[in-house]
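> Can you keep this structure in mind? I'll have questions shortly.
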Amino acid sequence: MTELRTPHLTNIQMWQSWKEHGDLEAKKTLIENYLPLVDYVTNRMAIGLPKNVMKDDLASNGVMGLIDAIEKFDYMRGLQFETYASWRIRGAIIDGLRQGDWVPRSVREKAKRVEDAYQHLEQKYMRSVTDAEVSEYLQISEKEFTNMLQDISIATICSLEDPIREEESETRMSLLVDDKAKNPDHKVHEFYLKEQLAKGIERLTEKERTVVSLFYYEELSLSEIAEVMSLSPSRISQLHSKAILRLRGALAKHKEQLMQH
């Protein structure tokens, strides 16, 4: 994914020096060695964001996420730091975007309407619903629905990064990425959460599943996915939005149950 600098100490020795002896120089070296991760995550997330969002601002928040990851990472667990740090960096960038209120209220309201529509219709019919059915439910034309998806495409970038509970950092997507990263106290909740995610993914169309797989697992950008699938970037953006809103709808009921515990 990224090329890291070769330090005078081995990687494990640096982690030992920092974690066991509080060596600030080792911490500084770790930060410097893993800075390419910040560039990598920032470049991926910058695609599709509004032009008023400055890349330097994303990177600044990303560095804070990297520092947080280095401070909290347990190297003794044998996990891959790059994976853990990438999600911490991504989370810090998203927190910064949220604080900047980069998504207008009208866009959030549109996203919620579509999410609610998918949740209601797919629970009612127990299958993937068509654009025509969603449009009819929303009492708009299919063209208006397509335009709505385009409007809310930027709002769906963060969707799977929402915390399972407001006071926790564990996210829905982190459960899919790293099985070892889960909190033991919530194994039962996470089992049912994954079950709901699996059901939601089953109801995605083939193209929507492909977009989700390429974006979140193969880590391609939306423009790269467009090239792979021979579709326009705007079409890929719409497929991504629909996929994420379907999944959010599938998870909404389970999230309400979690909040009650």
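> Looking at segment 84-123, which of its residues are aliphatic (A, V, I, L, M) and more than 20 Å from ILE152 (Cα to Cα)?
Correct list: ALA85, ILE89, ALA92.
> Need a quick list: helices (runs of 4 or more DSSP H) entirely within segment 10-83 having at least 1 residues that are under 24 Å from THR156 (Cβ atoms).
24-46, 55-72
> Based on what the data block shows, is LEU121 in a helix (DSSP H, G or I), in contact with a Ser or Thr (Cβ under 6 Å, 6 or more places away or on another chain) and at pLDDT 70 or above?
No: the conditions fail for LEU121.
One line per residue, one yes/no per condition, for (1) modelled with pLDDT of 90 or more; (2) surrounded by 13 or more Cβ atoms within 10 Å (Cβ to Cβ); (3) not charged (D, E, K, R):
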position	(1), (2), (3)
LEU9	no, yes, yes
ILE12	no, no, yes
MET54	no, no, yes
ASN61	yes, yes, yes
LEU66	yes, yes, yes
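> Please go through segment 238-261 and pick out each residue that is of a type outside the set (Lys, Arg) and modelled with pLDDT of 85 or more.
Within segment 238-261, GLN238, LEU239, HIS240, SER241, ALA243, ILE244, LEU245, LEU247 meet the criteria.
The values are calculated or read from the model by the stated rules, or taken from the named source; none is laboratory data. Since this is a predicted model, take the numbers as computed values, not measurements. Counting neighbours? That spans all protein chains shown, and the Cβs are built from the backbone with ideal geometry, glycine included.
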